[in-house]
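Read the structure below first, then the notes.
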Amino acid sequence: MRAWDYTLGGGGRELVDEIILTGKPKVMLEIGCFLCASAKRWLSLDPDLTVVGIDPWDDGLIEQCKRYVGRPGLTRAYPDMETQEQFARDIETQGPFLTALANLKGFEDRFIPVRAYSPDVLPALKDAGLEPELIYIDATKKADDLEVSHALWPNARITGDDWHWARTKGYPMRRTVNDFADKHGFTVTADHATWVLTPAK
């Protein structure tokens, strides 16, 4: 399997790095993993960290990756057109799930993939004993993942992606996070695409 360490490169993930390096969480839950470039980043930071990654890794990602070809803003890591086309072909032939796992070579013992949809699967993971100290949300732009995660693991630090996604659609994740923070008494720190919730004092 060919690994593709692909990310859309939204920026600001240093906010999450800092939480991992200073807070030393043992278990992190990542909701929405795509090809696991973020998970690889988190696992590289701390040898004691385990990441549980939730993603359906369905065939919709194949078509998504095909749409990236020829779009410089989405393929900054691979500016050569031939490389972009190889990327799309590999996602199609290998499948998104096996490509993601190939990207995590060397971290297999600390990454636990869960092929499912969130938030539907979250209660089952709670029942199975999962207790993440850090939750990273990079999935839909709706409040469900935030609300269910917080209800199940109220002491977990919650962070995520897509803060500046879709200006023409009114920044849906930004609205969602701000509304959640107001409702539950959090403050929001954001840098580029990344946001972090902190309990208000």
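Considering only residues that are of a type outside the set (A, V, I, L, M) and under 25 Å from Cys33 (Cβ atoms), look in the stretch 168-177 and name the one that is surrounded by the fewest Cβ atoms within 10 Å (Cβ to Cβ).
Here the residue is Lys169.
Among the residues of the stretch 62-86, write down those that are among the hydrophobic types (A, V, I, L, M, F, W, C), outside any loop (DSSP other than H, G, I, E, B) and modelled with pLDDT under 90. Lay out the reasoning, then the answer.
Taking the stretch 62-86 first, the residues among the hydrophobic types (A, V, I, L, M, F, W, C) are 62, 65, 69, 74, 77, 81.
The next check asks that each one be outside any loop (DSSP other than H, G, I, E, B); those that pass are 62, 65, 74, 81.
Scanning the stretch 62-86 gives Cys65, Leu74, Met81.
Please find, within the stretch 1-47, the residue that is surrounded by the fewest Cβ atoms within 10 Å (Cβ to Cβ) out of those that are part of a helix (DSSP H, G or I) and small (Gly, Ala, Ser).
Gly23
Condition check: under 24 Å from Trp42 (Cα atoms), outside any helix (DSSP H, G or I) and without any contact (Cβ under 8 Å) to a residue 40 or more places away in the chain. Does Thr187 satisfy that?
Details: under 24 Å from Trp42 (Cα atoms): yes; outside any helix (DSSP H, G or I): yes; without any contact (Cβ under 8 Å) to a residue 40 or more places away in the chain: yes.
It is true that Thr187 is under 24 Å from Trp42 (Cα atoms), outside any helix (DSSP H, G or I) and without any contact (Cβ under 8 Å) to a residue 40 or more places away in the chain.
Pick from Glu82, Glu92: which is under 23 Å from Arg2 (Cβ atoms), touching a helix residue (DSSP H, G or I) at 6+ places or on another chain (Cβ under 7 Å) and free of Cβ contacts under 8 Å to residues at least 40 places away in the same chain?
Glu92
Would you check if there is a residue in the stretch 150-160 being among the polar types (S, T, N, Q), outside any helix (DSSP H, G or I) and surrounded by fewer than 19 Cβ atoms within 10 Å (Cβ to Cβ)?
yes
Select, from Ile135, Ile112, the only residue that is in a strand (DSSP E or B), aliphatic (A, V, I, L, M) and open to solvent by 30 Å² or more (accessible area, probe 1.4 Å).
Ile112
Kindly indicate whether Pro56 is in a loop (DSSP other than H, G, I, E, B) and free of Cβ contacts under 8 Å to residues at least 12 places away in the same chain.
When the stated conditions are applied, Pro56 does not pass them.
Which of the numbered conditions does Leu130 fail, given that it passes all the others? Conditions: (1) assigned to a loop (DSSP other than H, G, I, E, B); (2) out of contact with any Phe, Trp or Tyr (no Cβ under 9 Å at 6 or more places or on another chain); (3) of a type outside the set (Gly, Ala, Ser).
Leu130 satisfies every listed condition except (2).
Identify the single condition in (1) at pLDDT below 95; (2) part of a helix (DSSP H, G or I); (3) under 26 Å from Glu18 (Cβ atoms) that Thr168 does not satisfy, given that it satisfies every other one.
Result: Thr168 fails condition (3) only.
Let me spell it out: the conditions are (1) modelled with pLDDT of 95 or more; (2) open to solvent by 20 Å² or more (accessible area, probe 1.4 Å); (3) touching a strand residue (DSSP E or B) at 6+ places or on another chain (Cβ under 7 Å); (4) of a type in the set (Asp, Glu), and Asp145 meets all of them except one. Which number is the exception?
(2) is the only condition that Asp145 fails.
The values are calculated or read from the model by the stated rules, or taken from the named source; none is laboratory data. Remember, it's a predicted structure, so these values are computed and weren't measured experimentally. Don't worry about glycine lacking a Cβ; one is built from the backbone with ideal geometry, like all the others, and counts go over all protein chains shown. Please note that ligands, DNA and RNA were not included when accessible areas were found on the heavy atoms of the full protein model with its side chains. Shrake-Rupley method; radii C 1.70, N 1.55, O 1.52, S 1.80 Å.
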